[in-house]
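As structure tokens, the structure follows; a few thoughts come after it.
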């Protein structure tokens with residue numbers, strides 16, 4: 001059997017990080033995170049950072065030169081065309097980071113790639129199986145409001161800007177429901193890890 005490359009995705013605030021942290025901690029699997037690569041792509045001085053500053057102006061930068069993420073979020077989550085533009089800047093850089101990291105992990109039996117926009121960025125070809133973390137819409141809203149300090153309206157704008165969870169789940173090899181407690185979630189992850197999808 002070839003290398004298992006798990007593409008871990010889901011909606012915003014469904015629990016992807018909880019699952020990936022558990023896989024790293026409990027199962028000692030290498031975890032590559034698209035969000036970390038995306039943050040690196042917009043570090044002050046980078047080409048993407050310059051493109052963003054040129055497009056939206058200096059008001060989008062903190063005094064230290066770093067991006068004001070909340071301001072940028074308000075723009076892209078409410079304007080689909082701007083979201084598309086931003087993703088076109090960031091995705092190629094993220095893809096390159098994955099290629100570099102995977103080259104160094106060629107001997108690993110299993111690698112986890114956490115990619116929130118796995119489907120939207122057309123990155124499904126770089127994984128061998130797809131895990132989608134889901135939860136109820138109410139729980140998703142609640143987590144987002146508590147975690148990011150958002151209003152209900154802001155939380156809904158972020159959820160609405162994403163591909164519907166049901167559509168992602170329909171394309172998955174494994175669906176992990178994170179609507180219960182953590183022990184239940186971790187048990188489901190353990191079960192998913194033991195079961196290799198057909199063709200995987």
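Every read-out reported here was derived from the displayed coordinates using simple, explicitly stated rules and does not represent laboratory data. Being a predicted model, the structure only gives us computed values, none of them experimental. Note that each Cβ is placed from the backbone with ideal geometry, even for glycine, and that neighbours are counted across all protein chains shown.
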Neighbour-count ranking [beta-carbon atoms within 10 angstrom, fewest first] of 85, 131, 49: 85, 49, 131
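May I ask you to sort 107, 87, 191 by Cβ crowding, counting other Cβ atoms within 10 Å and putting the fewest first?
Starting with the residue having the fewest Cβ neighbours, the order is 107, 191, 87.
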What would the Debye equation give as log₁₀ I(q)/I(0) for the range 1-77 at q = 0.12, 0.24 Å⁻¹, counting only Cα atoms as equal point scatterers? -0.50, -1.09
Per-residue [θ]222 nm for the chain (sum of -39500 (n - 2.57) over DSSP H runs n ≥ 4, rounded to 500): -16000 deg cm²/dmol
Compute the acute angle (0 to 90°) between the alpha-carbon long axis of helix 182-194 and the principal axis of greatest extent of the alpha-carbon atoms of the chain; round to the nearest 10°. 60 degrees
Cα convex hull of the range 33-113: how many Å³ per residue? 99 Å³
Take the alpha carbon atoms of the range 99-178, find their center, do the same for the range 24-66, and report the distance between the two centers in whole angstrom. 18 Å
For the chain, the Kirkwood Rh over every pair of distinct alpha carbons, in Å, works out to 17.9 Å
